[in-house]
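In what follows, a single structure is set out as structure tokens and then discussed.
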Amino acid sequence: MKKVLALAAALMMLAGALTGCAGNTANEDIAVISREEGSGTRSAFIELTGVEVDGVDQTTQKAEINNSTAVVMQTIAGNKAAIGYISLGSLDNSIKAVNVDGVEATAENVQNETYPISRPFNVATLGELTNEAAKDFLNYILSDEGQAIITEKGYVSTATTGAFTSTNPSGTVTVAGSSSVSPVMEKLAEAYMAINGNVTIQIQTSDSSTGMSSAIEGLCDIGMASRAVKDSELAEGLVSTTICMDGIAVVVNQENEVSNLTLEQIRQIFVGEVTSWGDIA
């Protein structure tokens with residue numbers, strides 16, 4: 001009889017261990033990860049998911065604020081209960097994107113407009129560019145060659161201006177702003193400088209609002225924003241150009257069993273109405 005009881009106890013312990021094994025988040029509180037104020041990704045995300053109401057950001061006060069795409073990814077990779085959002089083009093195997101309303105987060109679904117959370121990547125200049133090197137680089141970004149790099153990196157090309165022909169300028173170009181746009185901008189800069197070694201392109205990564213204010217104040221030649229340029233920024237003299245479209249991936253830890261969320265569930269999580277993974281059907 002004692003052996004039977006001991007065996008039963010051992011089986012119960014094993015069942016408990018299996019229930020709590022890696023990957024089970026059902027009984028855990030949701031760790032909400034958000035971007036900082038000024039982030040274009042945050043601005044677009046809260047608007048598209050309904051977290052922003054009448055111009056007021058309702059992101060839960062319990063959210064952990066991360067100041068770049070890379071930090072969001074590192075945080076979620078290290079926390080089984082975490083959820084956040086990043087540029088789709090930055091997604092890698094360290095974390096996973098959930099489907100939204102049953103639609104997979106892919107460039108193809110952004111292009112065919114079935115994926116519901118997408119936004120433009122914009123660059124902005126203060127009026128017409130006078131820096132010939134910056135003008136040549138912007139022409140490269142919009143050319144067939146530049147747009148091919150954008151597509152290769154998982155973003156959606158919006159249009160091209162045809163084959164690129166450089167005017168062969170020299171000098172330095174400063175590009176500043178969004179950490180979501182920076183990865184593809186770095187690839188574009190690398191490819192352009194391989195064509196024209198007389199130009200040095202410096203990329204300063206911060207956030208969209210800083211990128212726009214830097215362009216307005218003349219601190220950079222080209223500002224980067226992972227959102228639409230605001231009317232107030234345009235009123236300051238900025239000229240905006242969309243270089244591509246990007247999805248915003250809602251991301252969780254690889255061990256999280258959740259694979260699909262509705263837009264309403266996402267809103268509820270990020271405003272703090274739903275706080276436990278056990279409440280996600």
Where a residue in region 118-132 is farther than 23 Å from Gly89 by Cβ and its partner, wherever it lies, is surrounded by fewer than 20 Cβ atoms within 10 Å (Cβ to Cβ) and of a type in the set (S, T, N, Q), with Cβ under 7 Å and at least six apart: Glu132/Thr167
Count of region 222-239 residues which are more than 19 Å from the chain's Cα centre (by Cα), buried (at least 20 other Cβ atoms within 10 Å of the Cβ) and assigned to a strand (DSSP E or B): 2
Selection within region 194-244 - out of contact with any helix residue (DSSP H, G or I) (no Cβ under 9 Å at 6 or more places or on another chain), in contact (Cβ under 8 Å) with a residue 12 or more places away in the chain and hydrophobic (A, V, I, L, M, F, W, C): Val239
Any chance Thr242 is within 18 Å of the chain's Cα centre (by Cα), buried (at least 20 other Cβ atoms within 10 Å of the Cβ) and either outside any loop (DSSP other than H, G, I, E, B) or not hydroxyl-bearing (Ser, Thr, Tyr) (or both): no
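Within region 245-266, count every residue that is charged (D, E, K, R) and crowded, with 20+ Cβ neighbours inside 10 Å. Give the steps one after another, and end with the answer.
We begin by selecting, within region 245-266, every residue charged (D, E, K, R); these are 246, 255, 257, 264.
Next cut, crowded, with 20+ Cβ neighbours inside 10 Å only: 246.
Selection size over region 245-266: 1.
Kindly establish whether Glu255 is under 30 Å from Asp279 (Cβ atoms), in contact (Cβ under 8 Å) with a residue 24 or more places away in the chain and of a type in the set (D, E, K, R).
Numbers: under 30 Å from Asp279 (Cβ atoms): yes; in contact (Cβ under 8 Å) with a residue 24 or more places away in the chain: yes; of a type in the set (D, E, K, R): yes.
It is true that Glu255 is under 30 Å from Asp279 (Cβ atoms), in contact (Cβ under 8 Å) with a residue 24 or more places away in the chain and of a type in the set (D, E, K, R).
Values in this text are rule-based calculations from the coordinates and carry no lab data. Just so it is clear, the structure is predicted and the values come from calculations on it, not from any experiment. Note that we place each Cβ from the backbone using ideal geometry, even for glycine, and neighbour counts take in every protein chain shown.
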